[in-house]
Structure formats: structure tokens, C-alpha cells
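Q: Here it is: the structure, laid out below.
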Amino acid sequence: QVQLVESGGGLVQAGGSLRLSCAASGINFSSNRMGWYRQAPGKQREVVAAMSSSGITSYVEFVKGRFTISRDNARNTVYLQMNSLKVEDTAVYYCAATHEYTHRTSWGQGTQVTVSS
């Protein structure tokens, strides 16, 4: 059974930092592209950052220079370090695992990030 469990969300003031974690089980973690997505109230879910199984990273423009995605294949965990947080970063953050060959995607349950002014 595939499980992705996010943690690390919370309430932080603008300019602050949070580190999200996503622990995976039931998948061959090292063969998966890992991504972080977010969904704000009334908006569609959008990709924030991703890291391929080979370690190539990509970021959406509005988080470049502020967010960093990393992964620890030994711990089956992907992280999202978020610095210089803005009020508009408030959303539920989800991690997703996509197998590089089958393209099967699994999702976590999400973790709330709230940035206050």
C-alpha cells in the first residue's frame, strides 16, 4: 500500500521559514520523481517544485530563490525548505510521487501552511 505522509506545516509570520517533509512507503522511492504541489482556497492545485529520480530539480517561477526541494533516498523522504515566506504562499501543500517509467502518481494527504502578515 502506497503511503505519502507530509509533515512540517503550520503557522508562520511573513518572512519566516518552514521545512516540509514527506515520508514515502510502499513505493520504490528512488525510481520516483518527487514533487511538491499546493492548493490555495478557491484555486487549482499547482506545482511548486520537483526533483527527478536522478536529482534534477525544477521550480515554479514564484518560489525560485526561496524554496529548495531535496530528497533522501535512504530515508524515502522528500523535503521542501521554504524561506522568505509570503502571505500568498498560504495553501495546503501536497507531495506526489510519480514513477519515472509507469508514470503512476500517488499523493499525500496534504499539510496546511499559513503565512500571516
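Q: For Val87, tell me the accessible area in Å² from a 1.4 Å probe, rounded to the nearest 10.
A: Number for this one is 70 Å².
Q: From the protein chains alone at 1.4 Å, what is the descending order of accessible area for Trp36, Trp107, largest first?
A: Correct descending sequence by accessible area is Trp107, Trp36.
Q: If you take the C-alpha gyration tensor of the chain, multiply each eigenvalue by 5 and take the square root, what semi-axes do you get, largest first, in whole Å?
A: The answer is 23, 14, 13 Å, longest axis first.
Q: Using a simple spin-label model with points 7 Å from Cα along the Cα→Cβ vector, what separation in nm is obtained for Asp72 and Tyr101?
A: So the label points at Asp72 and Tyr101 sit 2.8 nm apart.
Q: Could you tally the net charge around Gln109, taking each other residue with its Cβ under 14 Å from the Cβ of Gln109, Lys/Arg +1 and Asp/Glu -1?
A: +1
Q: Using Cα-only point scatterers and the Debye equation, what is log10 of I(q)/I(0) for the range 1-57 at each q in 0.14, 0.18, 0.20, 0.29 Å⁻¹, rounded to two decimals?
A: -0.51, -0.81, -0.96, -1.26
Q: If r is the Cβ-Cβ distance from Glu61 to Gln1 and R0 is 30 Å, what FRET efficiency results, to the nearest 0.05?
A: That pair, Glu61 with Gln1, gives E of 0.25.
Q: Among residues other than Gly9 whose Cβ falls under 13 Å from its Cβ, what is the net charge (Lys/Arg +1, Asp/Glu -1)?
A: 0
Q: Write down the accessible area per residue of the chain in Å², having rolled a 1.4 Å probe over the full set of protein chains.
A: Computed with neighbouring chains in place, this is 52 Å² per residue.
The values are calculated or read from the model by the stated rules, or taken from the named source; none is laboratory data. Note that the structure is a prediction, hence the values are computed from the model and not measured. So basically every Cβ, Gly included, is an ideal-geometry build from the backbone, and we count neighbours across all protein chains shown. Note: accessible area is taken over every heavy atom of the protein model, side chains too, but ligands, DNA and RNA are not part of it. Shrake-Rupley method; radii C 1.70, N 1.55, O 1.52, S 1.80 Å.
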